[in-house]
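Here is the structure we will look at.
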Amino acid sequence: MNAFLNAGFGKDLLILEKESNEDWIFKTKDDGQTAAAASLGMLLLWDIDEGSAQIDKYMDRNENQIVAGSFMALGLVNSGVTNETDHVQAMLIDKLETCRETSLKIGALMGLSFTYAGSAREDLLEAISPIILDEDSTI
């Protein structure tokens, strides 16, 4: 909730404070870690340089909740941003295909959804349709 309140300012003492942002993410548990990591994306919305640098350090953690939140954060930071390299698509589609944990797949799918909502891109539809339309899927 704090990220929504401070999104317009791009500053937040709990999450973005250089000294304490890791502390805050690690003070929470389970879904709270996911939300805390994802909130980085809301606070750094459209600041893809700073946002990517802040989020990158959480993408290879051992805690699945934090990694899933970082996937969502990456999607939020790049929401509506057009980029020639389209690194978000490449990274998150790869995560969808390679991650086995449900929480990570959901995080990657949500990150893609945040970034490309309303884009009507056929290539993304082809990539995510098998997951969404699979009746036996656990996500």
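Read-outs throughout are calculated quantities, based only on the coordinates presented, and are distinct from any laboratory measurement. Because the structure is predicted, anything quoted here is derived from the model rather than measured. Neighbour counts run over all protein chains shown; Cβ positions are idealised from the backbone, glycine included.
Residue by residue through the range 102-112, what is 3J(HN,Hα) from phi via Karplus (6.51 cos²θ - 1.76 cosθ + 1.60, θ = phi - 60°)? Round to whole Hz and write x for glycine and proline.
4, 4, 6, 5, 5, x, 5, 5, 5, x, 4
Given 0.36 nm per residue, what is the gain on full extension from Thr102 to Asp86 after removing their alpha carbon distance, in nm?
Result for the pair: 3.3 nm of gain on full extension.
If you rank Leu45, Leu124, Leu133, Leu92 by fewest surrounding Cβ atoms within 10 Å, what's the result?
Leu133, Leu124, Leu45, Leu92
Which trypsin sites (Lys or Arg not before Pro) in the range 37-139 pass both tests, a DSSP loop state and at most 13 other beta-carbon atoms within 10 Å?
Working: sites: Lys57, Arg61, Lys95, Arg100, Lys105, Arg121; in loops: Lys57, Arg61, Arg100, Arg121.
Listed in order of number, the matching sites are Lys57, Arg100, Arg121.
Explain nothing, just compute: Karplus ³J(HN,Hα) = 6.51 cos²θ - 1.76 cosθ + 1.60, θ = phi - 60°, for every residue of the range 56-67 in order, whole Hz, x for Gly and Pro.
3, 5, 9, 6, 10, 6, 7, 7, 4, 5, 5, 5
Residue by residue through the range 35-47, which ³J(HN,Hα) values in whole Hz follow from phi under the Karplus form 6.51 cos²θ - 1.76 cosθ + 1.60 (θ = phi - 60°), with glycine and proline marked x?
Here the 3J(HN,Hα) series is 5, 5, 5, 5, 5, 4, x, 5, 5, 9, 3, 6, 9 Hz.
Give the residues of the range 95-118 whose amide nitrogen is closer than 20 Å to a point set 7 Å from the Cα of Asp60 in the direction of its Cβ.
Taking a point 7 Å out along Cα→Cβ of Asp60, the residues of the range 95-118 whose backbone N falls under 20 Å are 95-101, 104-105, 108.
Could you list the residues of the range 37-79 with an amide nitrogen less than 18 Å from a label point located 7 Å from the Cα of Arg121 in the Cα-to-C-beta direction?
Label zone hits: 46-49, 52, 71-79.
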